[in-house]
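The block underneath contains the structure these notes are about, expressed in structure tokens.
The values are calculated or read from the model by the stated rules, or taken from the named source; none is laboratory data. From a predicted model like this one, the values you see are computed outputs, not experimental measurements. Note that each Cβ is placed from the backbone with ideal geometry, even for glycine, and that neighbours are counted across all protein chains shown.
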Amino acid sequence: MSEETDPAGSDQQLTTPPRNERILLILAVLSVGGSIAGAAAVSARFGLAILVGCVLAFVNYYWMQRSLKKIFGEVREGEKPRFLGTGYFIRYLVLGCVVAFFYALDLLPISGLLFGMAGFGFAVLIEGLLRVIKSRNG
């Protein structure tokens with residue numbers, strides 16, 4: 001009865017860690033497919049807005065990845081990281097200003113931009129579903 005298993009201590013890993021490359025590939029497919037579907041179903045401007053929103057999602061991802069690599073690189077070197085929330089705030093401020101720019105000049109529909117920017121969340125959801133299906137099938 002005193003046998004306890006420590007899943008974190010075992011050498012056998014139950015699942016493979018998530019891979020960002022596949023999520024980014026799914027986002028790219030969603031970008032193209034969503035843009036074509038948006039253009040066909042609503043308008044060419046809406047399809048373009050989805051594409052621009054997906055590009056903004058890619059920019060946001062790589063900007064965040066660069067910031068996190070810098071922080072964790074400092075920790076790895078034994079330094080105390082200078083984690084200032086301003087970098088994260090600036091990233092969202094810049095993205096918000098880009099969306100506000102498109103809104104103020106009425107260049108693209110905001111709903112399409114937001115759908116595109118949410119594409120990363122959709123890609124993560126699809127990746128999760130693919131992993132569940134793969135784990136059930138063996």
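Looking only at residues that are in contact with a Lys or Arg (Cβ under 8 Å, 6 or more places away or on another chain) and outside any loop (DSSP other than H, G, I, E, B) in the range 108-129, which one is nearest to N60 (Cα to Cα)?
Taking the range 108-129 and keeping what is in contact with a Lys or Arg (Cβ under 8 Å, 6 or more places away or on another chain), we get 108-109, 112, 127.
Restricting the remaining residues to those that are outside any loop (DSSP other than H, G, I, E, B) gives 112, 127.
On the way: G112: 17, E127: 19 Å.
So, considering only residues that are in contact with a Lys or Arg (Cβ under 8 Å, 6 or more places away or on another chain) and outside any loop (DSSP other than H, G, I, E, B), the one nearest to N60 (Cα to Cα) is G112.
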Item checked: Output for the range 104-124, where each listed residue is under 18 Å from E21 (Cα atoms) and exposed (fewer than 13 other Cβ atoms within 10 Å of the Cβ) -> G121
Margin query: For the list (1) at pLDDT 90 or above; (2) in a loop (DSSP other than H, G, I, E, B); (3) not aliphatic (A, V, I, L, M), I need the number of the one condition that S35 fails.
Written below: (2)
Check: Residues in the range 77-95: is at least one within 21 Å of the chain's Cα centre (by Cα), assigned to a helix (DSSP H, G or I), at pLDDT below 95 and exposed (fewer than 10 other Cβ atoms within 10 Å of the Cβ)?
Finding: yes
Item checked: Among residues of the range 88-138, those that are out of contact with any helix residue (DSSP H, G or I) (no Cβ under 6 Å at 6 or more places or on another chain) and small (G, A, S), counted -> 9
